[in-house]
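Novice: Sharing a structure with you now.
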Amino acid sequence: MKKSACGMGLLSLFIAGAVAAQSASPSSDGQALIVTASNTTHNQLMIYNATGALLEQFATGGAGGVRGNAGGIAQNHDRLAVVNFGSGNVSIFDKDFDHPGLRYEKLVPAVANPVSVAFGNDHLYILTTSYIESHRIDRYGVDPRADGEARLVIGDGSAAQVGTLQGQLIISEKSNAIETVNLDGNGAVTGSTTLVANIPANINAPFGLATRGNDAYVTIAHANEISLVRNNTVLAVTGSGTQSAPCWVTLDGPFLFSANSPSKSVSRYAVYGEKIIQDAAVVASFHGSPTDIAYRSNLAAVIDADGSVSHVSIFDVDEDGNFSLKGLATINNTATNGIAIVRGDRDAHR
């Protein structure tokens, strides 16, 4: 399947100016910022407004190079994390309380090359090619020292994404593993990773996942399926119908959206209880193959790669889960990786 420190001190000033420029807009998403990473040797954080205009880009301080993953960028409360696969670390940006924006905080080393990050339980969780590790967040920011780690079940470099559950993390490895690891009372990784039960016999390349509460929706891309995992067990599996290889997913209330790389599309599913029902086979189409998807505040953003370029597509999403194209940006690089939607105003806390 196809997956297809210059300016560091100026970051807070830039975003503050960008937010101020957008504040006159009456739109509820007028202060939304779309963030992605170049994923090149000199990794760059690229920031767009909701109409697809590039506002600025900055060096992350690390090297890119990750492929076949999701969650390469994570955002929660007042922080943003970006993986630097090639240099084996994660860049942290935090909310600037003097100006309504972000500022560079630090580099956090990982035990191996990082592919995916997630926030939760006052921790940053880093999934690497062979380990999952946890880093405490306190008043000094993200602790560079891990307070817990566990080796992956397979650990052959096929790790794809990490997500948070109640008292656990869930992890996908494309070498046919869906696994969990427990968290202690403080949110640190503890114990060993274990495979979930009832994994389908035809499992073929678990890829992306989205979590809410104790539910995880995990794509099984090459089997054209999406599975529901709860309490360490696969409870339901749904086929993707006419759309091949659902790879990356994001949640919006009762809807789950999947980005289907070879079909160059996004599908919509209704999810409730143990049900995963395809509601619309195609709600958006692309020229290239999607490599990640994000949803927040009635906006969806998708990265796709096509020929020698990547695209950032930004959509308004209505209450029925319909997509309406709002903005489009073209990047002269097919390696672009990860997508997040960040509220630029200082009152946004989720």
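Every number in this text was worked out from the coordinates using simple rules, so none of it is lab data. The shown structure was predicted, so the numbers you read here are calculated from the model rather than taken from an experiment. Heads up, the Cβs are rebuilt from the backbone with ideal geometry, glycines too, and the neighbour counts pull from every protein chain shown.
Novice: Looking at the chain, how many pairs of lysines come closer than 14 Å at the Cα, when each pair is eight or more places apart or spans two chains?
Specialist: For the chain, qualifying lysine pairs total 5.
Novice: Also: Just grab the label-to-label distance for Lys106 and Glu319, each label 7 Å out from Cα along the Cβ direction, in nm (one decimal).
Specialist: Result: 4.5 nm between the two label points.
Novice: Related question: Along the charge dipole of the chain, Cβ charges K/R +1 and D/E -1, which of Thr60, Ala236, Thr190 sits furthest on the positive end?
Specialist: Positive-end residue among those listed: Thr60.
Novice: Subtracting the Cα-Cα distance from 0.36 nm times the residue separation, let me have the gained length for Asn214 to Asp143 in nm, one decimal.
Specialist: Using 0.36 nm per residue and subtracting the Cα-Cα distance, I get 22.9 nm.
Novice: Can you sort Phe119, Phe93, Phe58 by how many other beta carbons sit within 10 Å, fewest first?
Specialist: Sorted ascending by nearby Cβ count, the order is Phe119, Phe58, Phe93.
Novice: Still on this structure, please answer the following. Could you work out the helix-only [θ] at 222 nm for the chain, with each DSSP H run of four or more residues adding -39,500 (n - 2.57) and the total divided by the number of residues, to the nearest 500 deg cm²/dmol?
Specialist: -1000 deg cm²/dmol
Novice: As a footprinting exposure proxy, order Arg139, Arg343 by other Cβ within 10 Å, with the fewest listed first.
Specialist: Sorted ascending by nearby Cβ count, the order is Arg139, Arg343.
Novice: Could you point to the label whose value was computed as volume of the Cα convex hull per residue in Å³ for the structure here, given (1) 116; (2) 161; (3) 147?
Specialist: Recomputing volume of the Cα convex hull per residue in Å³ here gives the entry labelled (1).
Novice: Please work out how much length the chain gains when fully extended from Ser130 to Ala281, using 0.36 nm per residue of separation minus the C-alpha to C-alpha distance, in nm with one decimal.
Specialist: The span from Ser130 to Ala281 would gain 50.9 nm if fully extended.
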